[in-house]
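> Sharing a structure with you now.
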Amino acid sequence: MASVELKGLSKHYGAAVAVDDVSLRVEHGQLVCLLGPSGCGKTTTLRLIAGFIEPSSGEIEVGGKVLSSSSRTVPPEGRKMSMIFQSYALWPHMTVAENVAYGLKIRKLDRAIIESKLKAILSTARLEALAERYPGELSGGQQQRVSLARALVVEPETLLLDEPLSNLDANLREEMRFEIRRLHDRYRYTTVYVTHDQAEAMTTADLIAVMNKGRVEQLGPPEEIYGRPRSEFVARFIGGSNVLGATALDESRVSVAGAVLRTTGRKLVAGRPVAVSVRQHEIGLGLQSPSSEAENRLRGVVTRQVFLGATRDYTVTLDDGTELRVTAPPGQNITPGQSVWLHLPAEQCRALAEE
Ligand code: ADP
Ligand code: MG
């Protein structure tokens, strides 16, 4: 079984730390996404797993066997892994079928076996009709499917993908996310998928590891990462959250811009600064006060409004200058300059961990 486990993995380049004490376990057959901004250490982590580079400290185990440590590293060809790069690196002088079959040919498999494996993967990747074409005669999405087929035909235990969709246009990218997930469900290899795109991670992953400055900041299923971001970084990176700087009044209430918010998430200590996240679409917006209750409502002025068809995107500025983004239904049109009330439901005001 090809579970992949990273134990206290670090990689230094001189004084710079590219990967910093990363521990992570991917069960056999799971797809984990390493998600984070450019430079946070995603590619370095993937290259460590593939065996292209050696860790400065820590270990990588696959199926319970140590493949990498600072004293011993099994080379890439000794690992049952396939890696797909951002550029598909197809051989231009070979047809689709030759590109895909190459990995089987160098393994010197029987001709009939190569033929049957090739046929099966071309069918799964929906490439049968393109088998005799050359890469130069294919669209970006088709080339990407060829590179997936080529990686999968050798039946790797582990599949490593580094931003595999970043060269595709938006529509195709969306379609290919489902394609990658479909192929994963079909073959059930263990997959580590690197991306900086939140939606890509949400669509494909069983587990998301949000990375920041070489570390895993939060690890969990997509629903949990989205619904319960633990830090300010995760709340901001997993789009759509406002993060408000507040001061705790007691265990569950904070003061922000002259108002009182009841919060959820963790017990607070009176007097301490606390960051509170609330999503744009969970904030109510109206000309009238949302309730007679004084808590969880804020007064502000609309400073910007954009009509997006299905929604309206508002920026509301509070008395102290704090700006909040609010996604509201399209029906009500409140123009910039008007005073509004915001309702921030207590169960949506998440008190984040102190950083
Ligand atoms: P990501 O893939 O998340 O964009 P990388 O893993 O490529 O990030 O890089 C993480 C950090 O390590 C960056 O600051 C990068 O400049 C640095 N880094 C990566 N590879 C090297 C290298 N070979 N030599 C020096 N620094 C490197
Ligand atoms: Mg990278």
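> May I ask you to derive the relative contact order of region 281-328, considering only C-alpha pairs under 8 Å and at least 6 residues apart, and to give it as an integer percent?
Values: 65 pairs, mean separation 17.4, N = 48.
Relative CO of region 281-328 lands at 36 percent.
> Report, largest value first, the span of the C-alpha coordinates of region 110-162 along each principal axis, in whole Å.
30, 27, 15
> I've got another one for you. Could you run the Debye sum over the Cα atoms of region 1-86, one equal point scatterer each and no solvent, and tell me log10 of I(q)/I(0) at q = 0.19 Å⁻¹, two decimals?
Treating every Cα as an identical point scatterer, log10 I(q)/I(0) equals -0.84.
> Roll a 1.4 Å probe over the protein chains and send me the accessible area per residue for the chain in Å². All intermediate terms of the calculation are to be shown ahead of the outcome.
Working: 16650 Å² over 355 residues.
With all protein chains present, the chain gives 47 Å² per residue.
> For residue 346 and residue 174, compute 0.36 nm times the residue count separating them, minus their Cα-Cα distance, and round to one decimal in nm.
Residue separation times 0.36 nm, minus the Cα-Cα distance, leaves 58.5 nm.
> Using the 2.2 N^0.38 Å rule of thumb for compact globular proteins, work out how region 217-351 stacks up: its C-alpha Rg over that value, please. Each step should come with its number before you reach the end.
Numbers: Rg = 14.7 Å, N = 135, 2.2 N^0.38 = 14.2 Å.
In units of the 2.2 N^0.38 Å rule of thumb, it is 1.04.
> Compute the angle between helix 170-187 and the longest alpha-carbon principal axis of the chain, please, reported from 0 to 90 degrees and rounded to the nearest 10.
The angle comes out at about 60 degrees.
> Here is a follow-up. Over the Cα atoms of region 307-348, what Rg and Dmax result, in angstrom?
11.1, 31
> What is the total of Lys pairs in the chain with C-alpha atoms under 25 Å apart, excluding same-chain pairs fewer than 8 positions apart?
20
> Expressed as a rounded percentage, what relative contact order does the chain have, with Cα pairs under 8 Å and six or more residues apart? If you can, show how the numbers build up before the last one.
Working: 771 pairs, mean separation 55.7, N = 355.
Once divided by the residue count of the chain, the mean separation gives 16 percent.
> Sticking with this one: In square nanometres, what is one fourth of the surface area of the convex hull spanned by the alpha carbons of region 240-281?
Working: hull surface 11.2 nm².
Average of the hull's projected areas for region 240-281 equals 2.8 nm².
> Of all the C-alpha pairs in region 118-262, what % are more than 23 Å from each other?
Value for region 118-262: 49 percent of Cα pairs lie more than 23 Å apart.
> Using the Cα centre of the chain as origin and beta-carbon charges of +1 (Lys, Arg) and -1 (Asp, Glu), tell me which of 246, 226, 40 is placed farthest towards the positive end of the dipole.
The listed residue farthest towards the positive side: 40.
> What is the Cα convex hull volume of the chain when expressed per residue in Å³? Don't skip to the end; give the middle numbers.
Values: hull volume 59.5 nm³, N = 355.
Dividing the Cα hull volume of the chain by its residue count gives 168 Å³.
The values are calculated or read from the model by the stated rules, or taken from the named source; none is laboratory data. Nothing here was measured: the structure is a model prediction, and the numbers come from that model. FYI the Cβ positions are ideal-geometry reconstructions off the backbone, even for glycines, and counts take in every protein chain you see. SASA here: full protein model, heavy atoms, side chains in, ligands and nucleic acids out. Shrake-Rupley method; radii C 1.70, N 1.55, O 1.52, S 1.80 Å.
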